[in-house]
Amino acid sequence: MKNIYRPIEGILEEIITETSNIKTFVIRSKEDFSFRAGQFIELSIPGIGEAPFTPSSDPNVKEKIDVTVMKAGRVTSLLHSAQKNISLGIRGPYGKGYPLEKFFGKDVLIIGGGVGLAPLRSLLFSLFAQIDKYNKVVLRYGARSPADIVYKQAIPEWAKLNKVDIMTTVDVGSPDWQGNVGLITTVLNDLPVDVKNAVAIVCGPPIMMKFVNLKLLDLGFDPKDIYLSMEKNMSCGLGKCGHCRLGKYYTCKDGPVFTYAQLQGINDIWD
Amino acid sequence: MYSIYFIESSKLNQLAQDLTKTHRVFAPVEKRANFTCEADFSYKKFSLSSTLDFNPYRAVEPLKSFFTYPHEKVADYFSAEKNVVDIPQETVVFGVKSCDIAGHKIQDFVFLEGVEVDALYRAKREHTLIISGDCIDFKQVCHCLAWEILPYPTWGFDLNLSPLNEGFVAEVGSRKGEELIAQHKSLFVPIRDAQIAGRRAKRESLVDRLKRHLLPQNLVTKDSVQKLVQQGYNAKTWKEFMLTCVECGGCNFICDTCHCFLLEEKKQNQPGLPAGGQNAKLRLWDACLYANYARVAGGANPNKLRAQRLRFRFTKKFDFFVSNLGIPACCGCGRCIEVCPGKIDIREVLKSLAEETKEKT
Ligand code: SF4
Ligand code: SF4
Ligand code: FES
């Protein structure tokens, strides 16, 4: 019988610097590994530490997985100082992915904040792969400053795609920044989406999600159509260790993506 | 329906001794009296020269300690085979009580059900015989009946022993139990109706005594407890009771139902460990009353305050598990009450919540 705690080996093939504190790690798994957009993995430096991350790569690309990591705690700092070609441990994938079939025929509004664009990138790749199935894809991305924007080269390329509408905003501009300046909520006013036939997918820091969620409700989104990525200190990923409990759910197995309708009635969800 | 026999005390002792040849056998042994002047029983490995004690109530250690360990290796970096679960040693646990069995249902639910089965746990479960016994007395802290758990097991054991005269009524509860009897047939004799009646009378009298002990305590009931912790979310109770908590985690570790753990890393060639070891993944029991239990990378912590941690523990036991499994995750064994250096009493916390929420409505 399968040992559910066994990590598989992955080789760290490439390290891409995205911003001063965000890097993307490209990992080649030694065993078959695949995931759906929105699912997460537990990534470990053997013998040193493990942490949960949602891959940022295209789920249809099987040979490699990208994980975009912001330097925040002990494990992420160690990863940031890692060298190429070391072995990493991978467990997963865990959790439920985005229910893509439910988005068919709809306007898909994606709102990301900071490094929260990482998991959304893998969702975007999944959407782009079957773009005919959706009415349109609208991305609104907010970063602290132009220097904090991730996937700087890719975003303008995505914007050229048919049926895709992208706008980026920064909290604080810089002399050469031509885009919007202001919090993410300021670019959610005249959205080119029909709220009655749309879904909204939000990923970012808790405080950003809290306000974006309020804004979306204001705009008339149904709580069932708002998808939120919840952050908890996951350990096992399997609904066993107890750490990620959120009300009657475990974030790892029932999420990490929840509709706001699921979370209504649970206390202190943004803490 | 499984079978039921009678076994004399000396024969039961012989059974335990015989089992040591093929199994690791654990049985509770009386310790010196503790400060409450009640005798405590603690698990010891049983050997050929041991004699079996019949513990009148549960042991100090929770049943879970035979199935998950405070500290254990769960995987290696990187093992070639996908199916690396060692077959554990055959084990027999004597002296298990009804509350333990009821509480252990939570452990089974966590590790045997859900998205994936924990193969390590399942292997230990499959290779362990549970020999339980009726309670013939109770501790001051016992309150199984409050959760509608009877002080004698009716399910969840391989063999259950009910003391009667110079022996025990031995009821089989599983296929594994039947196999055990088949291998030691000569030690058991057929049961007589009078012995069944005798068992019933003893059981009823203990239930009566326990009821009389519990009635004046006016405890919160099984069907009201979920609503109570929901309504009491902002109660002062959480803060008031936690003033004396020293965050030892004892209540979590000693609990029959608490199952939380943390996966940790063990580094190869760590000082103090044998050289040449592989990097490994460890599983450590964790406690939701510890300050860092819910802390995320970057430092945010939804349970910063001790009051939040107590509330987390209670909503897990009395809301989460009622929603997900239909039963509260407390079996009334009272271990947490005895262990707590801060004298925080689960019965009192619930009663205080009940009073607070009553005042409000
Ligand atoms: S709580 Fe009940 S079942 Fe458990 S030891 Fe006490 S009397 Fe026995
Ligand atoms: S046993 Fe008592 S002091 Fe220790 S963590 Fe639990 S409540 Fe706190
Ligand atoms: S991460 Fe262990 S239960 Fe969710």
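Just a few scattered comments:
- The range A:100-229 shape via C-alpha gyration tensor axes, a/c threshold 1.5: oblate
- Dipole in debye (nearest 20) - the range A:100-229, about Cα centre, beta carbon charges: Lys, Arg +1; Asp, Glu -1: 220
- log₁₀ of I(q)/I(0) at q = 0.15 Å⁻¹ - the range A:123-193, Debye sum with one point per alpha carbon: -0.53
- In terms of overall dimensions, chain A has a Cα radius of gyration and Dmax of 18.0, 60 angstrom.
- Rounded to the nearest 5, the antiparallel percentage of DSSP beta bridges internal to the protein assembly as shown is 65%.
- Couplings 3J(HN,Hα) of the range B:217-223, computed from phi: 6, 6, 6, 5, 9, 4, 7 Hz, in residue order, whole Hz [Karplus 6.51 cos²θ - 1.76 cosθ + 1.60, θ = phi - 60°; x for Gly and Pro].
- The alpha carbons of the range B:143-183 give a radius of gyration and a Dmax of 12.4, 39 Å, in that order.
- Here B:Ile337, A:Ile86 are placed in order of increasing Cβ neighbour count within 10 Å, fewest first, which gives A:Ile86, B:Ile337.
- Rounded to the nearest 20 debye, dipole of the protein assembly as shown from Cβ charges on Lys, Arg, Asp, Glu: 540
- Highest-fluctuation residue, B:Ile149, B:Ile181, B:Ile87 considered, GNM on chain B with Cα pairs under 10 Å: B:Ile87
- With N counted as the residues of the range B:172-283, its alpha-carbon radius of gyration over 2.2 N^0.38 Å works out to 1.89.
- Computed over the range A:8-94, the range of Cα coordinates on each principal axis works out to 29, 27, 21 Å, biggest value leading.
- At 1.567 mPa s and 4 °C, Stokes diffusion of the protein assembly as shown via Kirkwood alpha-carbon radius, µm² per second: 48
- Between the helical axis of A:117-129 and the longest alpha-carbon principal axis of chain A there is an angle of about 80 degrees.
- Exposed loop sites are taken as trypsin sites (Lys or Arg not before Pro) in a DSSP loop (any state but H, G, I, E or B) with at most 11 other beta carbon atoms within 10 Å; the longest stretch of chain B without one runs B:193-342.
- Binning all Cα-Cα separations of the range B:107-157 at 10 Å, short to long from zero, yields these whole-percent fractions: 20, 36, 32, 12, 0.
- With Cα atoms defining each centre, the range A:146-161 and the range A:129-143 are spaced 14 Å apart in the structure.
- In the range B:20-114, inverting the average of 1/r over every pair of distinct C-alpha atoms gives 15.8 Å as the Kirkwood radius.
- Where Rh is the Kirkwood radius over Cα pairs, Rg/Rh for chain B: 0.98
Computed from the coordinates by the stated procedures, all read-outs in this text should not be read as laboratory data. The model shown is predicted, which means the values in this text are computed figures rather than measured ones. When we count neighbours, we look across all protein chains shown, and the Cβ atoms used for this are built from the backbone with ideal geometry, even at glycine.
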